[in-house]
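Structure first, then comments.
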Amino acid sequence: MRVFKKEYNLNNIIFTLKGILYKITYYAGKMFYMYSWDYITLAIMIFVISLGFLLMKHYMKRKKKTFQIIAITAFFIYLAMVIYSAILNRDIDSTSFGVSLIPFHSYKMIAEGNRDKIREVIMNVAFFYPIGFLYCLIDTKKINQKKWPIIAMSAALSLLIELVQFIFKLGFVETDDIIHNTLGCIFGILGYILLDYMTFNERDF
């Protein structure tokens, strides 16, 4: 009788787990169909790279100066990549040039059914996420005590990019781009704080 109860309980557990997995697979499939694999891949890539940097920082505690050089180098390389991809890698094209100075206009377009805008918003946020995250990796107490300088710098950099694009007609200039880029930097800072605390239960600041 006890054996029967154990088998019955085990079957119930397996059946429940199968139901949970089915629901996860079903809703995940619907989500992938609606938003495409690009966003999922992007999220996984950001998480893996962020975790990789944190692991490197954790295991290079005895080589702190070496890691500082790596973090600072990665930070400035990424800044250079941002400038290159947003300005230097674009061609002058007056046909695709436009200006939108209305804040949060992107969300109005999304509400009207423009799915391309969803991708654009996510990409603009993700574009500046590494700036905030890499800034936090620079383990200098004088730097890490205050976060507003990097947020202000990100907003200024985004504004500069939009101004250059406007002057040379290098794409569609939007106030929303500045907002989303700045949010990306803030999310990078928050991502570092949360991931570092959840992984190593540490707070550097």
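From the list Tyr129, Tyr192, which residue is out of contact with any Gly (no Cβ under 6 Å at 6 or more places or on another chain) and of a type in the set (Phe, Trp, Tyr)? From the options Tyr129, Tyr192, the qualifying one is Tyr192. Within segment 135-161, being farther than 14 Å from Ile186 by Cβ, modelled with pLDDT of 90 or more and touching a helix residue (DSSP H, G or I) at 6+ places or on another chain (Cβ under 6 Å) holds for Leu159, Ile161.
Looking for something within 30 Å of Gly171 (Cα to Cα) and of a type in the set (Val, Ile, Thr) - is there at least one such residue anywhere in segment 56-67? The answer is no, given that none of the residues of segment 56-67 is within 30 Å of Gly171 (Cα to Cα) and of a type in the set (Val, Ile, Thr).
In this structure, Ala71 qualifies as in a helix (DSSP H, G or I), crowded, with 17+ Cβ neighbours inside 10 Å and small (Gly, Ala, Ser).
Does any residue of segment 44-60 turn out to be modelled with pLDDT under 85 and closer than 15 Å to Asp177 by Cβ? The answer is no; no qualifying residue exists. Does Phe128 qualify as being aromatic (Phe, Trp, Tyr) and modelled with pLDDT of 90 or more? Yes: the conditions hold for Phe128.
The values are calculated or read from the model by the stated rules, or taken from the named source; none is laboratory data. Computed from a prediction, not measured in an experiment: that's the story for all the values here. Because the Cβ atoms are built from the backbone with ideal geometry, glycine has one as well, and the counts that use them run over all protein chains shown.
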